[in-house]
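Everything below concerns the one structure shown next.
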Amino acid sequence: MSKTILILLFVICADNLPAQNHTAVTRRNYNENQLEQYQINVFAKLLDNMVFVDGGTFYMGNELEEGEMDQDANRHRVTIDPFFISRYEVTQELWTTVLDYNPAQFKDPQNPIENVSWEEVQQFIQKLNNITGMNFRLPTEAEWEFAAKGGTFSLGYRFAGSDFPKAVAWVDENSKFTTHNVAMKRPNELGIYDMSGNVAEWCQDFYQHDYYIISPEHNPKGPQVGNNHVNRGGSWVMDQKYAKTYSRNLASPKMKSQAIGFRLAM
């Protein structure tokens, strides 16, 4: 693949991002590996669907409601700097383009990847960054919740884009116990899909039960050490009460689940 085509692809994708952020997003070059046209198209789609989330202040967590776990509580004020987050959960198409194998239980190129551990996700991100020269990563737990709540455009919904979970999420009551193509339900206020259900999503942070009590107000990144990592959002196998924008889950970094996938940030 010629360098001219790669540069042209990059310019086309950058034109769809906010003008003030072009410098940060477009400062990369592909490595010398030859890329097939389908790979170029998959990476172009990824870049074209990185949503800019303007920074802002919000209340993270929630006052405890009936039937919720107490780690969802401790509502507290958090300020987030601007970042990008992917409009869609990482699909099997994107995963296999980077790593050339598909561990998902429910195989379909446009379904979210699942059955991948936090550690495998880190390997995927490292290789993706090596190919693209970008700086993709997992979102922090605070970034994830801010985006799920609609950022500065939030309308205060309990789920990501609605007070009615089945309008925006695949949960146990409507999923028929399988994952579904991404973006089949309504998006939230930022145009982001599936944050309340399809698969739950890995975050970068270590999990700590009482972290909300001690976390910094500005860009919290979770505790420095831990045995488990946070995952957020409902899934096809979970009750809708776990699909609320502030609900928290945890899992070992080695654990694989057909109910957990991820989305990218940078």
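The values are calculated or read from the model by the stated rules, or taken from the named source; none is laboratory data. As the structure is a computational prediction, the values presented were derived from the model and not from experiment. All Cβ positions, glycine included, derive from the backbone under ideal geometry; neighbour counts span all protein chains shown. Side chains included, ligands, DNA and RNA excluded: accessible areas come from the protein's heavy atoms. Shrake-Rupley method; radii C 1.70, N 1.55, O 1.52, S 1.80 Å.
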How much length, in nm to one decimal, is gained on full extension between Lys107 and Asn129, taken as 0.36 nm per residue of separation minus their Cα-Cα distance?
5.4 nm
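Summing +1 for each Lys or Arg and -1 for each Asp or Glu, what net charge is found among the other residues whose Cβ lies under 15 Å from the Cβ of Ala251?
On the way: positive: Arg232, Arg248, Lys254, Lys256; negative: Glu114, Glu119, Glu120, Glu141, Glu201, Asp205.
Summing Lys and Arg as +1 and Asp and Glu as -1 gives -2.
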What is the percent carbon and sulfur in the accessible area of segment 120-189, measuring with a 1.4 Å probe over the protein chains and ignoring ligands?
52
Percent RCO, i.e. relative contact order, over segment 168-236, from Cα pairs under 8 Å lying at least 6 residues apart
42
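Net charge within 13 Å of Phe164 by Cβ-Cβ distance, Lys/Arg positive one each and Asp/Glu negative one each, not counting Phe164 itself?
+3
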At each listed q (0.22 Å⁻¹), what is the log10 of I(q)/I(0) that the Debye formula gives for segment 107-193 modelled as equal alpha-carbon point scatterers?
-1.19
So what does Glu63 come to for accessible area, using a 1.4 Å probe and Å² rounded to 10?
120
Fully extended, how many nm does the chain gain between Tyr59 and Asn219 (0.36 nm per residue separation, minus their Cα-Cα distance)?
56.3 nm
19 Å Cα-Cα reach of Lys241 towards lysines, excluding residues that sit fewer than 8 places from it in its own chain
Lys149, Lys166, Lys176, Lys185
5 angstrom amide H check on Thr140, placed H, neighbours 5+ away
Gln204
For a bin width of 10 Å, list the pair-distance distribution of segment 166-242 built from all Cα-Cα distances, rounded to whole %.
19, 38, 29, 13, 0
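Tell me, in nm to one decimal, what length is gained between Ala44 and Thr152 on full extension, where the rule is 0.36 nm per residue of separation less the Cα-Cα distance?
Values: separation 108, 0.36 × 108 = 38.88 nm, distance 2.69 nm.
Answer, rounded to one decimal: 36.2 nm.
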